[in-house]
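Here the structure is laid out as C-alpha cells; the discussion comes afterwards.
The values are calculated or read from the model by the stated rules, or taken from the named source; none is laboratory data. Computed from a predicted structure; not experimentally measured. Here the Cβ positions follow ideal geometry from the backbone for every residue, glycine too, while neighbour counts run over all protein chains shown. Surface accessibility is based on the protein's heavy atoms, side chains included, excluding ligands, DNA and RNA. Shrake-Rupley method; radii C 1.70, N 1.55, O 1.52, S 1.80 Å.
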Amino acid sequence: MKVALLGGTKGIGRALGRLLSERGHSLCLLGRNLAELEASAQDMQVRAGEPRSVPIAACDLHHPDGFADALAAASDKLGGLDTVIVTAALFATQEELESNIALTRDLVTVNFANTVVFCEEARKRLLRAGGGTLCVVSSVAGERGRKPVIIYGASKAGLSAYLEGLDHKFRAAGLKTVCVKPGFVKTGMTAGMAPPPFAGEPEGVAQDILKGIERGTPVVYTPGIWRYVMLAIRNLPRFVMRRISF
Amino acid sequence: MLSGWGRLPRPGKEIFSEDLRALSRNAVLSRGLGRSYGDSALPPPGHLEVATTTMAERILAFDESTGVLRAEAGLSLRELNRIFLPRCWFPPVTPGTQFVTMGGMVAADVHGKNHHVDGTFGAHVKSLVLRVADGRIVECSPSSEAELFWATVGGMGLTGHILEVEFKMHPIPSPWIFEERLRLPDVDALVAALKDSAADWPFTVGWLDCLGGGRAILNRGRWAAKDEAPASTPKPLGQISVPFELPNWVLNRWSMRVFNALTYHARGNVKGLINPEAFFYPLDKLLHWNRIYGHRGFIQYQCVLPNAGGARAFLELLRKHRAAAFLCVIKDCAEQGQGLLSFPLPGISIALDLAVDENTQGIVDHLNEAVVADGGRIYLAKDAFTRAEHFEAMEPRLDAWKAVRQSWDPDLKIRSAQSVRVFGDPS
C-alpha cells in the first residue's frame, strides 16, 4: 500500500505507522510538528529494516487550506496514494470542555468540521486515482450521548455518521471507507485516566485497524469486545442512560 | 500505591506521556518499567507522582555501519531485541530481564553475564540527553560534560531525567547461543569454574542451591557461529502469567528445596544451541513471577565481594541467620566501570532472593556488615533495606558522586525514596 497517515507521531497512529512500515508498506507521515514527524519517521525507518525512507509533509488539522497540498505532497513523495489514514484528533475531558468555550470550539471544529474537509480532499484524490481506502479513527464515544464525553462524543458521532454515508455512496466506485471505533486505549491521550476493564494497548489496536483496512471492514471496533459493550449501551433505554454515570 | 519489583508498596502514582520533555519538566523522579526491586523508582515521602518513561520509546537513529543506536529513554530492551536480534545485532550488555528501559539500564548501569569481558552497559554509552534539575536540557558524553555523564551512569536517575540514550550495539555472528551447563558440588567449585571459564566464554553465570548443601550449576555460553546455527531466527518465547498473588506459605523452605532439586536434576550437564531469550532471560517467560512471594513481598540482596573466597563465608553467614534464599545467582565480575556509583568491582557477585519478614532488616544489616568488612558493595537497583551508614562505608566514591550531583542540583529537587533512605536526602 501507499499510505498517507495523518497523526502518526503518537498513540494509535504511532503504533499503526510502525506496523505498516514493518510490513513493508510505503508510508508518508503528515502532521503539524516537523521535528516530531522527523523523529517518528526515523523510528519507523529503523524498524522497517531494509533501507526505506519514510517521508514527511506538514499538515495541521487546524488549517484546512493546507489539506490538498499536504495530500499532493504525500502522493508526490510516494509516487501515488491508495490509502489515507487519519488518527489525529483533539481530546479533552468533559470538565475541561465545560469550563473552556474556546477549547470546545477548537475541539469540535478540528474533530468534526476540519476532519470532514480533510476526508473530502482525500476522497476526491483517491477517486481520481481509481479508488482506494480511507480509514479514519472515530470513537465508541460517538455511539450514544453519554455524560462523561458529551462534547468529544458528539464530535465523533458526527464524524462516524459522515463516514458511514461516504461508504454507502462511494464503495461501488472503489473507495472503501473504514471507520475505526476504539474503546479505551492506553496512550498519552488517556494517560491521566484510570483504565476501565477491556482497555486496549495501541499495538493490538493497530493490528485490528490494519486487518480492517485489508478486508475493507466498514466499522472496526477495537479491542473487539467493545462491539458488544456498545451494542448493550446503544440499546439501553433513555431513562437508564440518564441515571448511570458511564 | 506504587512498588518496585519486590512488591513493597509506598504511596505513589505514575504519570505517562509520549512527550518526555514535557513530562519531566517538574518531575521529582523518572521511572522506567519498575524492575528495580526496592525503592529506587519510588517517589520520596511527600511526593506522589513519578514520571514513567515507557510511552517515549522511539528509536531516533541507527547506523548500520557502526551499530550506534539512539533511542528515547522509555524504549524497552524486549522491543529492542525483537527488532534487532533477527538482524544479528544485540545490546553490548544485557541484565537478566528484558523488561527494562534504556533509561533504567543507564541509571542502574546494568551488568550481565559478560561483565568479565565487556564491563557494564555504561561503558558502551556514547551520549545521554538529560533534563537537569534547573530545567535545562543537557547533552553529556565521556568527552562533553563528562562529570555529569559519569555521575549519571549508575546514578539511579538522581542527576537528571534521562531523555535519550545513545550506545553501540554489538554485531553477532548468528541470533543463537551455544551453551553448556555443568553440575558442580559446591560454591568453591562454582567460583573456580567461573574464573576458569572467563577466558574462553563471553557469558558465564552460576546457580547455587543455598538450601540443599550448596550444589551448583555453571552456565556458560557464546554466540553460535554462522555455520553451526540454524538458518531460522529464534521464535519469540511464549509467556504465561502468574494470575494472582499466591498465599505467603506457598514459597517456603520445603517447596524451595523441591524446586531446587528439580532445577539441579533437570537442567544440569547439557550443551547445545538455545534461544537467546531463554539463555539471558529465563524468568521472563513467567510474567508477574514476583507474585509467587505472596503479600509479604521480597527483596533481592546483591553484593559483590572482592575475594573469591568470600563467597563461601558469605553463604555460611546466611545459613547462620537462617535466611532462606530461594534463588542464588553467582557471577564473575571484572574491572570497575567509570560510573561513579557503578556497582561491579573485580570479584564475585552474589544475588539472593529473600522473602520479607520481620527479620529482613536485621539480616540485611548483618550481610552489609560482612560486605563492608570484605571491601565489597551492594547493588542499589536491588536494594530496599540498606542503611545510609553501611552504604557510606562501602562506597569510597560516594562523596565525589554527591559533589557532582550537588553542582547540578543544589536543592536536591530530583530524589527518590531510596535517595532519602541511603543518601540522606531531605524528604
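Per-residue 3J(HN,Hα) values for the stretch B:304-321, derived from phi via the Karplus relation 6.51 cos²θ - 1.76 cosθ + 1.60 with θ = phi - 60°, read 10, 10, x, 9, 4, x, x, 4, 5, 4, 5, 5, 5, 4, 4, 5, 4, 8 Hz in sequence order (x marks Gly and Pro).
Across the protein chains, with a 1.4 Å probe defining accessible surface, the residues A:M230, B:M1 rank B:M1, A:M230 from largest area downward.
Name the residues of the stretch B:1-34 whose accessible area, probed at 1.4 Å, falls by at least 30 Å² once all protein chains are in place instead of their chain on its own? So the qualifying set is B:F16, B:E18.
Taking a straight line from the alpha carbon of B:K271, these aspartates and glutamates sit under 12 Å away, with near neighbours fewer than eight places off in the same chain left out: B:E179, B:E180.
When a/c is below 1.5 the answer is rounded, else prolate if a/b is larger than b/c, else oblate, so apply that to the stretch B:177-392 with a ≥ b ≥ c taken from the square roots of the Cα gyration tensor eigenvalues. Write out the running numbers ahead of the final one.
Details: a/c = 1.64, a/b = 1.23, b/c = 1.33.
Oblate shape, in that a/c is at least 1.5 and b/c is the bigger or equal ratio.
Note on chain B: GNM, Cα springs under 10 Å; of B:I363, B:I348, B:I217, the largest mean-square fluctuation is that of B:I363. Taking all protein chains together, B:D383, B:D227, B:D200 sort by accessible area into B:D227, B:D200, B:D383, largest first [probe 1.4 Å]. Near the amide H of A:T217, within less than 5 Å, lie no amide hydrogens of residues on another chain or at least 5 residues away, with H placed in the peptide plane. The alpha carbon gyration tensor of the stretch B:261-318 gives principal lengths a ≥ b ≥ c with a/c of 1.5 or higher and a/b no greater than b/c, which makes the shape oblate. Each peptide in B:237-243, B:393-399, A:15-21 was scored by the mean count of other Cβ atoms within 10 Å over its residues; highest first, the order is A:15-21, B:393-399, B:237-243. Think of chain B as a dipole: +1 on every Lys or Arg Cβ, -1 on every Asp or Glu Cβ, centred on the Cα centre; then among B:A381, B:H170, B:A261, B:A261 lies furthest on the positive end. When +1 charges are put on Lys and Arg Cβ atoms and -1 charges on Asp and Glu Cβ atoms, the dipole computed for chain B relative to its Cα centre reaches about 1020 debye.
Rg/Rh for the protein assembly as shown stands at 1.00; both radii use Cα atoms, and Rh follows the Kirkwood definition. Please state, rounded to one decimal and in Å, the Kirkwood hydrodynamic radius that chain B gives when every pair of distinct Cα atoms enters the mean of 1/r. That comes to 21.8 Å for chain B. Put simply, the amide H of A:L175, placed in the peptide plane, has neighbours under 5 Å in A:G132, leaving out anything fewer than 5 places away on its chain. Note on the stretch B:39-109: with neighbouring protein chains present and a 1.4 Å probe, carbon and sulfur make up 59 percent of its accessible heavy-atom surface.
Relative to the longest principal axis of the Cα atoms of chain A, the long axis of helix A:202-215 makes an angle of roughly 70 degrees.
When GluC sites (Glu not before Pro) are flagged only if DSSP places them in a loop and at most 13 other Cβ atoms lie within 10 Å, the longest unflagged stretch of chain B comes out as B:65-227. Among A:E95, A:E201, A:E22, the largest mean-square fluctuation in a Gaussian network model of chain A (Cα springs under 10 Å) belongs to A:E95. Where the accessible area of chain A is counted over protein heavy atoms with a 1.4 Å probe, how much of it, in %, is carbon and sulfur? The nonpolar share, carbon plus sulfur, comes to 55 percent. Each part gets one Cα centre, and for the stretch B:346-384 versus the stretch B:247-307 those centres are 18 Å apart. Ordered from highest to lowest accessible area with the whole protein assembly present and a 1.4 Å probe, A:R144, B:R58 read as A:R144, B:R58.
Summing Cβ point charges (Lys, Arg +1; Asp, Glu -1) relative to the Cα centre of the protein assembly as shown gives a dipole of roughly 2320 debye.
Structure remark: mean-square fluctuation, Gaussian network model of chain A, C-alpha springs under 10 Å; the largest value among A:V178, A:V229, A:V137 belongs to A:V229. Averaged over the residues of peptide B:63-72, the number of Cβ atoms from other protein chains lying within 10 Å of each residue's Cβ is 1. Among the listed pairs B:K113/B:K320; A:K124/A:K181; A:K124/A:K176, which are separated by more than 22 Å between their Cα atoms? B:K113/B:K320; A:K124/A:K181, as the Cα separations exceed 22 Å there.
Solvent-accessible surface (1.4 Å probe) assigned to A:Y228 amounts to roughly 150 Å².
For A:T9, the shell of other residues with beta-carbons less than 14 Å away shows a net charge of -2, using +1 for Lys and Arg and -1 for Asp and Glu. Accessible surface area normalised per residue over the stretch A:20-169 is 42 Å², counting heavy atoms of protein chains with a 1.4 Å rolling probe.
Averaged over the residues of A:184-191, the number of partner chain Cβ atoms lying within 10 Å of the residue Cβ comes to 3. For the stretch A:21-42, which residues drop by 20 square angstrom or more in accessible area between the chain on its own and all protein chains together (1.4 Å probe)? The answer is A:E22, A:A39, A:Q42. Accessible surface computed residue by residue for the stretch B:177-392, with neighbouring protein chains in place and a 1.4 Å probe, gives 43 Å² per residue. When chains A and B come together, the accessible area they lose, probed at 1.4 Å and totalled over both chains, is close to 1400 Å².
Just to confirm my numbers, what's the Cα centroid distance between the stretch B:401-427 and the stretch B:1-39 in Å? Here the answer is 17 Å between Cα centres.
Under the convention that each Lys and Arg Cβ holds +1 and each Asp and Glu Cβ holds -1, the size of the dipole of the stretch A:2-243 around its Cα centre is about 940 debye.
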